[in-house]
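Here is the structure we will look at.
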Amino acid sequence: MKQYIKKLPKEVLQPFKFVRDLVPDYYRYGKVFRNVYNELEACEKLANFQHEEYQLKQLQNLLKYSYENVNYYKKIFDERNLKPDDIKSFKDLTKLPYLTKDIIRENIDDLISKNCSEKDLLYLTTGGSSGTPLGFYEDKKVAKSREWAFTTHLWKRIGYDVRKCSRFVILRGHNVKKGISEYNGRNLILSSYHLSDENIGQYIALIEKFNPDFIQAYPSSIDILAKYLIENGKTIHANKLKGIICASEKLYDIQRINIIEAFKVRVFSFYGHTEHCCIAGECEKNNYYHIQSEYGVVELINDNNEQVKEENEKGEIVATNLNNYVMPFIRYKTGDIAINSLSNCSCGRNYRLIKGLEGRELEQIVTHSGAKVSLTALIFAQHFYAFSKIQTMQLEQMEKGKIIVKIVEQQILDQKDISEIVNKLKIATNDGLDVDIQIVRNIERTKRGKHNFLLQHLNLKNY
Ligand SMILES: [Zn+2]
């Protein structure tokens, strides 16, 4: 039936689409969505041990299935003389090796379940902003509805209601065919590629006219609008706006402060990735993130290849997707670094907490001495007076100890501002960097419209 409808001419489809857009998510996305959403509601306030029991059961089901149906995992278990029943605890999971992007590329056919036919497979690719893009598969029948249920359940924390129709402004790297905006169902899509001094006013006017319930944006894009509003002493007139939802790029504290000041609503950030092994959303009680345990088993692995134990200890997110049976991801190395927290949250949820994300592993600069300094330490943990005059910036490293800083100005930077930036970068690295400031008209975005704060051309593994 669905396929038949899809083949109808555009004019005939239009009324169908119009009616569909008036249906709230809870009914629009079908039974899979409702089942997952209801389960998440039921699990939300479980005790710690109940979450663990639930996860372990899901994990054991996945391991058993993978061993019996996926050639790659059959080989992995056999080589280690293991059977799925040998994995009795989360600690036992470490008997299995990591899954890396390279392993996936080299073994893609062997990683697909033997039970799947081609028509069941949904092909997805990662953006590749932190390396080469990766292609992989999920279950066409359930993947999107399931993912949407998890996502919208997190958004409930800032007032999103799946039983109502909310209107979104979306500023997340979509391609807009003509001009800077277009309508898609009940949402207004704005281009992330055309934000410039000349047309920011138009973006604001479009948002005000549309009067959305939520804005979903890349932090770097909404930050440009926020700075414009603050700089020009303007207030946004959007009286329905409940919150701004950020994802896909790290939300830096300085951006959060700007966005709240300009839009006067809560900013909600959540972490997710295309491979769907880990999803974590901010709590409404603080800015820590709860890792959603029904989604995946998450390990945080430190540089010594051990699970992190301490408060504030950093570790790479290594995660097992509990729901992808067509191409299981077991102990997948995401390359993303999270900051551990041992706190209990006052909201009553017992999901594991992280303080936040450190940014991509690649977000490090190499000084003259070969030391690696994170972008956070170098830029975002420092206060620069000149920041208020900068619309956006990008760092590029091609040689050890040298950095190019490209800046799009909000206001003209004078010599004092330039010296401030250069000196602070030098001090933060113990004079370990030569800094070349370049004022540019714009900074190119990635294919998906994301802004890269750092173009790192060095191979960090060599340092
Ligand atoms: Zn909480």
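The values are calculated or read from the model by the stated rules, or taken from the named source; none is laboratory data. Quick caveat: nothing in here was measured; it's all calculated off a predicted structure. Note: ideal-geometry Cβ built from the backbone for every residue, glycine included; neighbour counts use all protein chains shown.
Observations, loosely collected:
Residue-wise test of (1) within 16 Å of the ligand (Cβ to nearest atom); (2) at positive phi; (3) under 18 Å from the mean Cα position of the chain (by Cα).
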{"site": "A262", "(1), (2), (3)": "no, no, no"}
{"site": "V265", "(1), (2), (3)": "no, no, no"}
{"site": "F270", "(1), (2), (3)": "yes, no, yes"}
{"site": "C277", "(1), (2), (3)": "no, no, yes"}
{"site": "A280", "(1), (2), (3)": "yes, no, yes"}
{"site": "C283", "(1), (2), (3)": "yes, no, yes"}
{"site": "I291", "(1), (2), (3)": "yes, no, yes"}
{"site": "G296", "(1), (2), (3)": "no, no, yes"}
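- Residue-level check: of (1) of a type in the set (S, T, N, Q); (2) at pLDDT below 90; (3) within 24 Å of H273 (Cβ to Cβ), N187 misses just (2).
- Per the listing I207, I245, the residue uniquely at pLDDT 90 or above, of a type in the set (V, I, T) and part of a strand (DSSP E or B) is I245.
- Evaluating I365 against the criteria (1) in a helix (DSSP H, G or I); (2) surrounded by 19 or more Cβ atoms within 10 Å (Cβ to Cβ); (3) aliphatic (A, V, I, L, M) leaves one unmet condition, (1).
- Here K156 qualifies as within 18 Å of the chain's Cα centre (by Cα) and surrounded by fewer than 17 Cβ atoms within 10 Å (Cβ to Cβ).
- Looking across N423, N459, N452, N430, one residue alone is surrounded by fewer than 16 Cβ atoms within 10 Å (Cβ to Cβ) and touching a residue at least 60 places away in the same chain (Cβ under 8 Å). It is N430.
- Number of positions in segment 300-322 that are touching a helix residue (DSSP H, G or I) at 6+ places or on another chain (Cβ under 9 Å) and surrounded by fewer than 22 Cβ atoms within 10 Å (Cβ to Cβ): 2
- Of all residues in segment 99-128, those satisfying the criterion of being of a type in the set (S, T, Y) and more than 21 Å from the chain's Cα centre (by Cα) are S113, S117.
- Scanning segment 433-449 for residues that are in contact (Cβ under 8 Å) with a residue 12 or more places away in the chain, in a loop (DSSP other than H, G, I, E, B) and of a type outside the set (S, T, Y) turns up L433, V440, R441, N442, I443, R445, K447, R448, G449.
- Qualifying residues in segment 145-185 (those that are part of a helix (DSSP H, G or I) and among the charged types (D, E, K, R)) - the one nearest to E41 (Cα to Cα): K156
- Criterion (crowded, with 23+ Cβ neighbours inside 10 Å and in contact (Cβ under 8 Å) with a residue 60 or more places away in the chain) met by exactly one of I259, I245, I254, I222: I245
- Note on segment 39-87: residues that are surrounded by fewer than 17 Cβ atoms within 10 Å (Cβ to Cβ) and part of a loop (DSSP other than H, G, I, E, B) total 6.
- Which listed residue, of L460, L433, L375, L362, is at pLDDT 90 or above and at negative phi: L433
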